[in-house]
Amino acid sequence: MIWVLVIGSACAVAEPILPLQSVATDARKVALGRQLFFDTRLSRTNDISCASCHQLFSHGADNSARSKGAFGRLGEVRAPTVYNSVFNIRQAWDGKAIDLKAQVTLPVENPKEFATTWPELIATLNQDQAFRTAFTQVYRAGLSSDSISDAIAHYERSLITLNAPFDLWLQGKATLSEQAQEGYRLFKYYGCINCHQGKNVGGNMFAKMGTFGDYFGDRGTAIEPADYGRYNVTGREEDKFTFKVPGLRMAARQTHFFHDGSEQSLTGAINTMARYQLGRSLSQAELAAIAAFLESLVGHHQEMDQ
Ligand code: HEC
Ligand code: HEC
């Protein structure tokens, strides 16, 4: 199996990972969406915005295993990054939202995130005359769950990290360290690429956590409802413990890994992947090389300078 893939990738004209590029957005909707993304009035407690958990100056998520929402309540899974999320086939670990626009309702109504309702949120925002006027100039029907979600989704479409060292190297515009190149080779050779592929180095399929071992049995903590992953959405037995394969573009900036946030080091996460997804044991040098490759995937966005 692995040999077939190695030969396949050596012959392939295109690389299995593509450079990130901007996607089309509407600048006026992006501007409104940005305002909403940073607006704490979205939460019932007036103290949490999307940006509280999805910190854009950092890697588009926070530095904890569980994010704190309204009333100080903790969530059930680790917050993933919003950077490059437009490229995901579905949103959320279990793929419960079909796209970015549909995803917005989840934090609004989640008692552990904004803990509010659409009618309440729309009423609050409608009290702000200036915002209401600006919003209505773009969305003629005014503030609604649909228009608010649309504006935020437009803003998220603009959150693409560009010019990663790896992308510049792929395009022949810059050199890449030998270690990072070796990491990329290993990433393909061992088969990480079977699941983490495409522009976002993941985000385009679902896979079971623990193909080659009992990850949850070995984890040492009881199985939580969220651990059932995609099964919670589809109810299909084969979807138990299956998750959306996360994009790895920002992985090297994360402090917590996996849906349960249980891993706190990048090389630890790579090691766990090799063991449970591929049944392999990697050397320290191999782990370091793959980490260097993942580091080279980190691109830039102007929000990081704010
Ligand atoms: C209290 C913390 C918190 C707040 C506030 C919050 N999120 Fe999230 N976000 C999360 C967590 C946790 C997840 C993972 C949820 C899951 O998989 O079930 C998530 C998932 C996402 C995803 C899916 C990313 C992916 O790779 O699947 C997107 C997009 C997103 N949030 C955008 C937003 C937007 C837009 C807002 C504001 C309207 C927001 N979030 C508010 C914590 C938060
Ligand atoms: C069979 C598919 C599959 C293969 C092969 C695979 N992964 Fe993963 N990877 C996943 C899934 C699914 C997750 C999410 C698991 C979870 O959250 O419980 C994940 C998570 C990760 C994470 C954590 C990202 C985050 O945001 O938490 C890293 C890093 C990672 N993989 C790297 C690798 C590397 C390096 C390899 C090769 C050694 C690899 N993966 C092989 C499916 C795979």
| field | Total formal charge among the other residues, if their Cβ is under 14 angstrom from that of THR116, Lys/Arg +1 and Asp/Glu -1 | value | -1
| query | Helix 266-278 versus the longest principal axis of the chain: what is the Cα-based angle in degrees, 0 to 90, to the nearest 10? | reply | 70
| said: Test of understanding: what is the full-extension gain from ALA14 to PHE57, defined as 0.36 nm times their sequence separation minus their Cα-Cα distance? | reply: 12.2 nm
| For region 10-85, what class follows from the C-alpha gyration tensor (a ≥ b ≥ c being the square roots of its eigenvalues): rounded when a/c is under 1.5, otherwise prolate if a/b is larger than b/c, else oblate? | oblate
| remark: Two pseudo-spin positions, 7 Å from Cα along C-beta at ASP146 and at SER281, lie apart in nanometres by 5.9
| field | GLU238 - accessible surface, heavy atoms, 1.4 Å probe, Å² rounded to 10 | value | 130
| Heavy atoms of ARG157: accessible area, 1.4 Å probe, square angstrom to 10 | 80
| task | Go from 0 up to the bin containing the longest alpha carbon distance in the chain, width 10 Å each, and give me the % of pairs per bin. | result | 6, 26, 33, 22, 10, 3, 0
| query | Can you give the angle from 0 to 90° between the axis of helix 145-157 and the longest principal axis of the chain, with both taken from C-alpha atoms, to the nearest 10? | reply | 40
| task | Quote the convex hull volume per residue of region 169-241, based on C-alpha atoms, as a whole number of Å³. | result | 134
| field | As computed over region 27-157, the Cα convex hull volume per residue (Å³) | value | 100
| task | Round to the nearest 10 and report in Å² the accessible area of SER22, as given by a 1.4 Å probe over the protein chains' heavy atoms. | result | 90
| said: Could you check the spin-label model distance between TYR189 and PHE38? Points 7 Å from the Cα along Cα→Cβ, value in nm. | reply: 4.6
| Taking the Cα centre of region 27-157 as the origin, how large is its charge dipole in debye, to the nearest 20, when only Lys and Arg (+1) and Asp and Glu (-1) carry charge on their Cβ atoms? | 140
| message | Give me the count of lysine pairs in the chain whose alpha carbons sit under 20 angstrom apart, restricted to pairs 8 or more positions apart or on different chains. | response | 15
| Computed label-point distance, nm, for sites LEU170 and THR45 using a 7 Å Cα→Cβ extension | 4.0
| note | Charge tally for neighbours of ALA70 with beta carbon under 13 Å away, counting Lys, Arg as +1 and Asp, Glu as -1, is +1
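The values are calculated or read from the model by the stated rules, or taken from the named source; none is laboratory data. All figures in this text were calculated on a predicted structure; none of them were measured in a lab. As a convention, Cβ positions derive from the backbone with ideal geometry for all residues, glycine included, and neighbour counts pool all protein chains shown. Note: accessible area is taken over every heavy atom of the protein model, side chains too, but ligands, DNA and RNA are not part of it. Shrake-Rupley method; radii C 1.70, N 1.55, O 1.52, S 1.80 Å.
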